[in-house]
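Enquirer: Dumping the structure here so I can ask a few things about it.
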Amino acid sequence: MTDTLTVGMLGYRFMGKAHSNALARLPMFFPDAPDVRRDVLIGRDEETLADAADRFGFDRTATDWRAVVDEVDVLYNLGPNHLHPEPSIAALEADTHVLCEKPLAPTLAAAERMRNAAEDSEAVAGAAFNYRFLPAIQYAKGLIEDGELGEIHHVRGSYLQDWLVDPEAPWVWRLDEELAGSGVLGDLGAHTIDLARFLVGEVTGEIERISGHLQTFVEERPVPDEDETRPVTVDDAYSAQAAFENGAVGTFEASRFATGHKNDHAIAIHGSKGSVRFSLERLNELEVMREGNRGYETVLVTDETDPYVDRWWPPGHVIGWEHTFVHENYEFLSSVANGEAFSPSFSEAYRVQQVLAAIQESDERGEWVAIDDVE
């Protein structure tokens, strides 16, 4: 282990709070984690920033990431998507370790620059796909790679929310292509594609080609506290069909208009011997169909032998969404301290970005697109 790692965090809203909470919990529940000092919180609004730094436990604040990116050991890049490339690349060029929120970048070209910077740097570069670190997902991956499901035939993933169903819901940066790159495709679809690759990639191979469709339902939205509207320049929903190297087929979708769904990320894997089903809304459970059974059994993934569970509570005492960030931070910071590679890496996140770009290109062209042909 190295000495105490100093952390600079760019962004202090949703993801800033989630990762700060994780850093605060690490010493209590993961005493073997590296020592971390929350050094500097980075943002634009000095007053709001100072309040957030006090609540999140940071020693100081900065309004320009350029001034501090080489002063810390680790940069957490949690800003809007358009702010992912430049600070991350600058940090890596200074050999500052980086954990960047997903999607890696608003465009494939920017993601490629980030991947290349990571390859040229001595620093660890990780992409924050936190759902990999759920005990139920880790358990499912073990079943798949141990051959419990047999040959994989179907991969199904959906991510459904409903926070934009009301056409009067206010405009936010996530609805702007320049700031976000895409809508649900990058925001939610990135999670699904990464989870599919994580779960079955070792047995199915990569997604080779894909067919996608994007749809925007509301073309403009009111600006908060202003008597005007702004155009919505990203997708509100996407759907896609995919072909894997081994012949398996995939179906993926996401929507912010799925009435009745708040944060419903679900994935199902069907094989020749069995199947698994998972829903984020029941994140401690995994539905498993085993060879010889007539139906699914619901496995409560809270035993001490299940991934990460021994760090928390006795069997049956469930964990929540925020715990995924604790697990993710533990793995990332341990990789940094031990000088080891971290997964998901920028290279893996770039592959996800290729699939997202192929879905967009497929929608534009109205035909199947080979992933490796997308540039």
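The values are calculated or read from the model by the stated rules, or taken from the named source; none is laboratory data. Note that the structure is a prediction, hence the values are computed from the model and not measured. Cβ coordinates were reconstructed from backbone atoms using ideal geometry, including for glycine residues, and neighbour counts include every protein chain displayed. Accessible surface is based on the protein model in full, side chains and every heavy atom, while ligands, DNA and RNA are left aside. Shrake-Rupley method; radii C 1.70, N 1.55, O 1.52, S 1.80 Å.
Enquirer: Of the residues that sit in the range 63-79 and are touching a Leu at 6+ places or on another chain (Cβ under 8 Å) and free of Cβ contacts under 8 Å to residues at least 60 places away in the same chain, which one is surrounded by the fewest Cβ atoms within 10 Å (Cβ to Cβ)?
Expert: Among those that are touching a Leu at 6+ places or on another chain (Cβ under 8 Å) and free of Cβ contacts under 8 Å to residues at least 60 places away in the same chain, it is 63.
Enquirer: So is residue 159 open to solvent by less than 10 Å² (accessible area, probe 1.4 Å), of a type in the set (Ser, Thr, Tyr), under 23 Å from residue 324 (Cβ atoms) and modelled with pLDDT of 95 or more or not? Reasoning before the result, please.
Expert: On the way: open to solvent by less than 10 Å² (accessible area, probe 1.4 Å): yes; of a type in the set (Ser, Thr, Tyr): yes; under 23 Å from residue 324 (Cβ atoms): yes; modelled with pLDDT of 95 or more: yes.
Answer is yes for this residue.
Enquirer: Let me ask something else about it. How many residues are acidic (Asp, Glu) and either within 18 Å of the chain's Cα centre (by Cα) or crowded, with 21+ Cβ neighbours inside 10 Å (or both) if we restrict to the range 313-361?
Expert: 4
Enquirer: Moving on to the next point. List the strands (runs of 3 or more DSSP E) inside the range 194-274, counting only whole elements, that have at least 2 residues being under 30 Å from residue 320 (Cβ atoms).
Expert: By residue number, 237-244, 249-255, 264-271.
Enquirer: Further question: Please go through the range 75-103 and pick out each residue that is in a strand (DSSP E or B) and under 24 Å from residue 187 (Cβ atoms).
Expert: Correct list: 75, 76, 77, 98, 99, 100, 101.
Enquirer: Another question, if that's okay. Would you mind telling me which numbered condition in (1) of a type outside the set (Ser, Thr, Tyr); (2) open to solvent by 20 Å² or more (accessible area, probe 1.4 Å); (3) closer than 22 Å to residue 239 by Cβ; (4) in contact with a helix residue (DSSP H, G or I) (Cβ under 9 Å, 6 or more places away or on another chain) residue 365 fails?
Expert: Just one mismatch for residue 365, condition (4).
Enquirer: Enumerate the pairs (first residue in the range 339-356 and farther than 17 Å from residue 207 by Cα; second residue anywhere and open to solvent by 40 Å² or more (accessible area, probe 1.4 Å)) with beta-carbon separation below 7 Å, excluding pairs fewer than 6 apart on the same chain, so at least 6 apart or on different chains.
Expert: Note: pairs meeting the criteria are 342/331; 346/115.
Enquirer: Now, a different point. Among the residues of the range 326-347, write down those that are touching a Phe, Trp or Tyr at 6+ places or on another chain (Cβ under 8 Å) and in a helix (DSSP H, G or I).
Expert: 326, 327, 328, 330, 331, 332, 335, 336 - these are the residues of the range 326-347 that are touching a Phe, Trp or Tyr at 6+ places or on another chain (Cβ under 8 Å) and in a helix (DSSP H, G or I).
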